[in-house]
Amino acid sequence: MNWTIMELNKIKKDFSTWESSVTHRVLVCAGTGCLVNGSMKVYEEFLRTAKDSGLPVIVELKGEEKGVWVSKSGCQGFCQIGPLVTIMPENILYTKVKPEDVRDIVETTIKKGEILHRLLYIEPNMQKLCKGTEDIPFYQKQCRFVLKKCGAIDPEDIREYISHDGYSGAAKACLEMTPEEICISIYESGLRGRGGGGFPTGRKWDNARRQESDKKYVICNGDEGDPGAFMDMGVMEGNPHSIIEGMIIASRAIGADEGYVYVRAEYPLAVKRMRKAIDDAYKLGILGSKIFGSDHTFNLQVMEGAGAFVCGEETALIASIEGKRGMPSPKPPYPAQSGLWGKPTIINNVETLSTVPLIITEGVERFRKMGTHNSPGTKTFAITGHVLNTGLIEMPLGVTLREIVYGVAGGITGDDGSVMSNGFKAAQIGGPSGGCLTLDHFDLPIDFDSLKKVGAMVGSGGLVIMNKNTCMVSVARFFMQFTQSESCGKCVPCREGTKQMLGLLDDIIEGRAKEETLETLEDLAMAVQKGSLCGLGKTAPNPVLSTLQYFREEYEAHVRHKYCPTGKCRALTKFTIDQELCKGCTLCANKCPVSAITGEKKKPHNINPFLCIKCGVCAETCKFKAIKGDRP
């Protein structure tokens, strides 16, 4: 047995022994969402308070010490109720924890073994107190496969990753499997790329393996740019070693000796943790020459992207690494044939690479038991919008939108946050490149093939849920504005076409559109889709085309009748004052920037429609809800 394998086994055994001697473990969520809400102050307060209370505090597990182990974790998923603190071995999950709550937790839970009910999650639909993740529907309904260790281990401790069988898949790939066998295993698993199009990962790898070259590369695409998407960020922050292990296996499969983790610069914590994980892997001999005593060499480094959405496209990403402006190139040749510096290169996203070690260690059949026949496995989603529960989730492919919205997300909410019955209107899946799902698709399986048939795509996993008060024209405009500003400008259809589409959408929501505007918008969208060079331009019209298909009457109301059915487009709104509700307080008149409101004190006021600029300040100011935004 090679010394590196012996060392891995020793680390695993020692860590498990040390862990069993710990009396309690406090896991403070240190994902970006909880950090923003002050979880580091909570962590520091735990260290200070536990020590002041006379408890032996363990910050770094180094031996068989009795005491309270206080550590940080990656994202625990339920972002909206953070900062989250998990107490082990009782598996108690405390929510919205503040530094001032820490002393109570130490004195009540850690010292006395009692539960602080005021910090537990209350399940709104049943008004039930939930002790831990096993009681909370948000977690119960999920299938956490890739995210299993995220939030459960310290992402900056390589020894803890190893103690959970970490790097055993890489060791198996380097010592027991041939490159061809690895490619066959990944192909037979049915793993498809989790970054967008769902191309079979094993086929991509085998194509690169067959290329004859003195140099090959593996790239991890961590340039997650979709609005509201944070799946890859969660894995990079919560389990960076799983990505490194996936890249080692990929490099062995295709014969690469060098790799890059391309991370957007807007993810500083992900960059920091990835770099530390790589450094720690080098120190243990897991990266570098003769990995695990094999003949395989693999060197890895992190490169920060400048935040261009187009660099999520693989040829633009390659150009960026080469020091050029991030702009796409025509295909073929594909990167597997001629990629980074003209050498065979495979590019997979974070989630895809994190799935690979689990397939190697747990087996192909285990992976195929989840999901559907053509889309096996699980998919992470960042669920946001008008739902009760938002955060990072993982579900088997083939799950329905209904199961996600009502099983995990807790139902639809109104603009005020209250739960709405039958309030669902649409879901935007796949970000700016994706499409719109409606009530007709509520029971449609969410997998690569089913979504493609209805003009949508899984994409990277962004899932925005919208209630009945959402203007779908404005939603389409939001995504079009994003893709237009992110266009690299290399090809005319994308550069000029998205600009013209945005202008037409502005005309629609501002009341300038004519009868032929919709036909022009649709024709232009089809032209951009067919004529653009890369995936950004080809998919940019998707939100427009899908909303036109499923909510055409809403577009027609804006164009023909000059009103927004949801009342959200202010340029098409007529503000009036309810004479019975108005108390004549004059607050609205004082706030109006154009003096369009007149009336005597303590008597009902009026709005001059010719002076009103429809800014909505009056409606926001009125304490008596007397000002309404009516349709003209």
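The values are calculated or read from the model by the stated rules, or taken from the named source; none is laboratory data. Computed from a predicted structure; not experimentally measured. Reconstructed Cβ throughout: ideal geometry from the backbone, glycine too, with neighbour counts over all protein chains shown.
None of A571, A527 is in a helix (DSSP H, G or I) and more than 27 Å from K452 (Cα to Cα) except A571. In the condition set (1) at pLDDT 95 or above; (2) part of a loop (DSSP other than H, G, I, E, B), Y555 is compliant with all but (2).
The condition (being assigned to a strand (DSSP E or B), at pLDDT below 95 and either of a type in the set (G, A, S) or touching a helix residue (DSSP H, G or I) at 6+ places or on another chain (Cβ under 9 Å) (or both)) is satisfied by just one residue among A382, A316: A382.
Considering the stretch 135-168 alone, what residues qualify as being among the β-branched types (V, I, T) and at pLDDT 95 or above?
V146, I153, I158, I162
Filtered by the rule that a residue be over 32 Å from the mean Cα position of the chain (by Cα) and part of a helix (DSSP H, G or I), the stretch 17-27 gives T17, W18, S20. Looking at E7, E44, just one residue is surrounded by fewer than 20 Cβ atoms within 10 Å (Cβ to Cβ) and either among the polar types (S, T, N, Q) or closer than 15 Å to K98 by Cβ (or both), and that residue is E44. Here S242 clears all of (1) part of a helix (DSSP H, G or I); (2) in contact with a strand residue (DSSP E or B) (Cβ under 8 Å, 6 or more places away or on another chain) except the condition numbered (2). Residues of the stretch 482-510 that are assigned to a loop (DSSP other than H, G, I, E, B) and either of a type in the set (D, E, K, R) or within 16 Å of R552 (Cα to Cα) (or both): K490, E510. Of the residues making up the stretch 411-438, those that are closer than 20 Å to M231 by Cα and assigned to a loop (DSSP other than H, G, I, E, B) are G430, G434.
Out of G225, G202, G246, I need the residue that is closer than 27 Å to K172 by Cβ and touching a residue at least 60 places away in the same chain (Cβ under 8 Å). Which one? Answer to the check: G246. Inspect all residues belonging to the stretch 267-275 and state whether any of them is buried (at least 19 other Cβ atoms within 10 Å of the Cβ), farther than 30 Å from I5 by Cβ and modelled with pLDDT under 95. Among the residues of the stretch 267-275, at least one is buried (at least 19 other Cβ atoms within 10 Å of the Cβ), farther than 30 Å from I5 by Cβ and modelled with pLDDT under 95, which makes the answer yes. Filtering the stretch 419-476 to residues that are surrounded by 19 or more Cβ atoms within 10 Å (Cβ to Cβ) and among the charged types (D, E, K, R) leaves K425, D447. Can you list the helices (runs of 4 or more DSSP H) lying wholly within the stretch 141-198 that have 2 or more residues being more than 30 Å from T539 (Cβ to Cβ) and of a type in the set (V, I, T)? Those helices (runs of 4 or more DSSP H) span 158-163, 179-189.
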